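For reference, the structure discussed in these notes is given below.
The values are calculated or read from the model by the stated rules, or taken from the named source; none is laboratory data. Only a predicted model underlies this, so the values are computations on that prediction, with no experimental measurement involved. With ideal geometry, Cβ positions are generated from the backbone for all residues, glycine too; neighbour counts draw on all protein chains shown. Remember, those area values only see protein heavy atoms, side chains included, never the ligands or the DNA or RNA. Shrake-Rupley method; radii C 1.70, N 1.55, O 1.52, S 1.80 Å.
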Amino acid sequence: MTYFFSPSTGGFYTRESHGNAVPADAVKVSVKRHAALMKAQMAGARIEPDAKGRPQVRRPAAADLRAALARGIAREARRRILAISPEWRQMNDIRQPSDAGAARFAAIDAIRSASDRIEAALTDIADADLDQFQISENPSWPEVQP
């Protein structure tokens, strides 16, 4: 698959998804480069065109990057919690306690504790290493889910 980046829209396109609707100013981007750009963006960086219209990573200030990472940790925790027990099930577990519900709440509590530990670890990371900080792959997340 070939990706294209349009400096005028700031977006990525593929012929498979967009057909002939790829903007005329779009430049080719390799799969590997696209993956690296997406990873940087998920870590809080911005993707902007350089002077030749090619996508480049613009790193935010360290404080902004830490804040973006903290938001990413919260999103990952929510995703993991909802995978264990959607909100409707949590409400049912509160209204009608059971052993299965208690196990789900214990798993949710473990995720919340891990989220707190992961976010606290951000303070110990050097500014230059923030773009390498792992969120979803962080080993502090609990592995066992009911």
### Message
Could you work out what % of the accessible surface of segment 85-130 is carbon and sulfur, using a 1.4 angstrom probe and leaving DNA, RNA and ligands out of the count?
### Response
52
### Query
What dipole magnitude, in Debye to the nearest 20, does the chain give about its Cα centre under +1 on Lys/Arg Cβ and -1 on Asp/Glu Cβ?
500
#### Entry: Of (1) 14.8, 45; (2) 20.0, 62; (3) 18.7, 62, the label for Rg and Dmax of the Cα atoms in Å derived from the coordinates
(2)
### Message
Given a 1.4 angstrom probe, I'd like the percentage of the accessible area of segment 1-59 that is carbon and sulfur, rounded to a whole number.
### Response
51
### Query
Could you give the length gained on full extension between residue 94 and residue 109, defined as 0.36 nm per residue of separation minus the Cα-Cα distance, in nm?
4.0 nm
### Message
Can you list residues from other chains, or at least 5 along the same chain, whose modelled amide H is less than 5 Å from the amide H of residue 11?
### Response
6
### Summary
Computed over segment 65-146, the relative contact order (Cα-Cα under 8 Å, seq sep at least six) in percent reads 44
## Note on the structure
In degrees rounded to 10, the 0-90 angle between helix 62-84 Cα long axis and the longest Cα principal axis of the chain is 50
